[in-house]
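Participant: My questions all concern the structure below.
Laboratory data are not the source of any read-out in this text; all were calculated from the coordinates shown. Keep in mind that this is a model prediction, so the values were computed, not measured. Using ideal geometry, Cβ is built from the backbone for each residue, glycine included, and neighbour counts are taken over all protein chains shown.
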Amino acid sequence: MRTVRRLIYSEVLSSIALVALGFLTLFFFFDLVDELQYLGKNSGAGNNLYQIKHALLYVTLLIPNHLYELLPISVLIGSIFVMARLAQSSEYTILRTSGLGPWRALKLLLWLGAFFVALSFVVGDYVSPVSERAAQLLKARYQGKITLGQTGAWLREKQVRSNFIVNVGELSPNNEMRNVRIYEFSHAGRIVSTTEAPLAVFSADAAWQLRNATRTEFDGTASAGRQAGNIEAPAPLARVSRTAVASLRWPTDISTEMVAVALLKPERMATVDLFNYIRHLDDNGQTSQRYEIEFWRKVFYPLSCLVMVMLALPFAYLHFRSGGITAYVFAGVMIGISFFLLNNVFGYIGNLRNWQPWLAAATPGLIYMAVSMGAFGWLVLRR
């Protein structure tokens with residue numbers, strides 16, 4: 001059995017590595033072509049220009065994230081190719097007569113799938129977030145900013161006396177925040193003050209240091225107008241005072257990681273960062289549906305490698321009348337692409353329909369697991 005295990009593992013591993021390398025090369029080329037439009041145009045601090053060496057380094061740093069996304073598809077295509085080739089050459093028939101039963105073969109492939117589950121978790125939770133952030137900081141060094149859409153990141157924090165809504169327009173490569181706006185509200189929902197600063201930095205003592213800040217305070221609020229018949233009585237006006245200060249300290253628990261998390265895509269975050277950010281949103285009364293779905297997707301996505309090897313095993317029990325196995329490999333490609341699309345679609349649908357986050361994240365994997373178990377029972381056990 002050790003010889004059989006060595007044979008199957010070596011064939012499957014080399015095939016998966018070849019498929020993954022082909023996909024990564026293709027995505028590397030597409031990313032590089034997309035970066036060519038920025039060469040020599042985007043200048044950051046000083047006279048530094050975005051050159052071809054920077055573009056090559058940037059797209060190289062994107063490889064771990066592509067590997068994380070493509071690993072289940074690569075596992076499926078590589079496993080199907082090996083299983084179909086062994087069946088075509090009658091090698092798998094010889095292995096079956098040598099004692100390789102269906103359950104033993106499934107156990108062998110599940111152990112191999114467990115290896116790719118661990119690899120996917122390590123790449124997606126440790127390597128990919130670090131490389132993604134390094135790529136964004138590299139590009140921001142020459143573009144001058146990290147931002148999200150047109151308005152940047154919005155955060156909220158509850159403190160003892162007031163509630164705060166914070167808007168950070170951009171994050172510079174040296175962790176400086178730009179175009180910062182802070183809105184302070186009382187617990188009754190009335191606005192107390194607004195603070196705007198073109199630049200802010202993080203302090204070591206749980207505070208932000210706002211530079212060249214403009215603070216507007218509202219002394220009292222306009223009360224609701226009283227109506228007498230059809231005539232509305234005028235409401236008293238609030239007094240507004242505005243001050244400009246060169247440096248202003250604002251105590252807050254919003255850290256550098258939270259701002260970076262809010263400015264980056266949630267699927268590029270580590271599981272721990274997602275969990276901490278979800279807790280921050282829940283503590284401050286903000287919706288966390290999108291981030292909860294991404295959290296559970298990060299939990300379930302590596303397990304899809306087990307589903308993929310289960311889908312590949314029935315291909316070893318097919319009977320080939322023609323010499324080619326291209327159709328079966330193409331079927332594997334289509335199954336992998338459909339899983340990738342369905343995984344993304346269920347995330348969006350779950351967010352729009354307000355589904356349970358774990359259900360929206362786990363449904364694609366459960367569907368394909370049911371299909372793989374059905375194929376295993378029909379093609380392997382009953383035939």
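Participant: Looking at the range 115-126, which of its residues are in contact (Cβ under 8 Å) with a residue 24 or more places away in the chain and either over 18 Å from the mean Cα position of the chain (by Cα) or exposed (fewer than 13 other Cβ atoms within 10 Å of the Cβ) (or both)? Steps first, please.
Facilitator: Going residue by residue through the range 115-126, those that are in contact (Cβ under 8 Å) with a residue 24 or more places away in the chain are 116-121, 123-126.
Answer for the range 115-126, where residues must be in contact (Cβ under 8 Å) with a residue 24 or more places away in the chain and either over 18 Å from the mean Cα position of the chain (by Cα) or exposed (fewer than 13 other Cβ atoms within 10 Å of the Cβ) (or both): Phe116, Ala118.
Participant: Which residues, taken from the range 181-196, are of a type outside the set (A, V, I, L, M, F, W, C) and part of a strand (DSSP E or B)? It would help to see each step written out before you state the result.
Facilitator: At the first step, the residues of the range 181-196 found to be of a type outside the set (A, V, I, L, M, F, W, C) are 181, 183-184, 186-187, 189-190, 193-196.
Residues satisfying the conditions are Arg181, Tyr183, Glu184, Ser193, Thr194, Thr195, Glu196.
Participant: Moving on to the next point. How many residues are under 30 Å from Thr271 (Cα atoms), surrounded by fewer than 14 Cβ atoms within 10 Å (Cβ to Cβ) and touching a helix residue (DSSP H, G or I) at 6+ places or on another chain (Cβ under 9 Å) if we restrict to the range 78-114?
Facilitator: 1
Participant: Can I ask one more? List every residue pair whose Cβ atoms sit under 8 Å apart, with the two residues 6 or more apart in sequence or on different chains, where the first one lies in the range 284-309 and is closer than 24 Å to Ile165 by Cβ and the second, anywhere, is of a type in the set (D, E, K, R).
Facilitator: Within 8 Å, the pairs are Asn284/Arg156; Asn284/Glu157; Asn284/Lys158; Gly285/Arg156; Gly285/Lys158; Gln286/Arg156; Ser288/Asp282; Glu294/Glu267.
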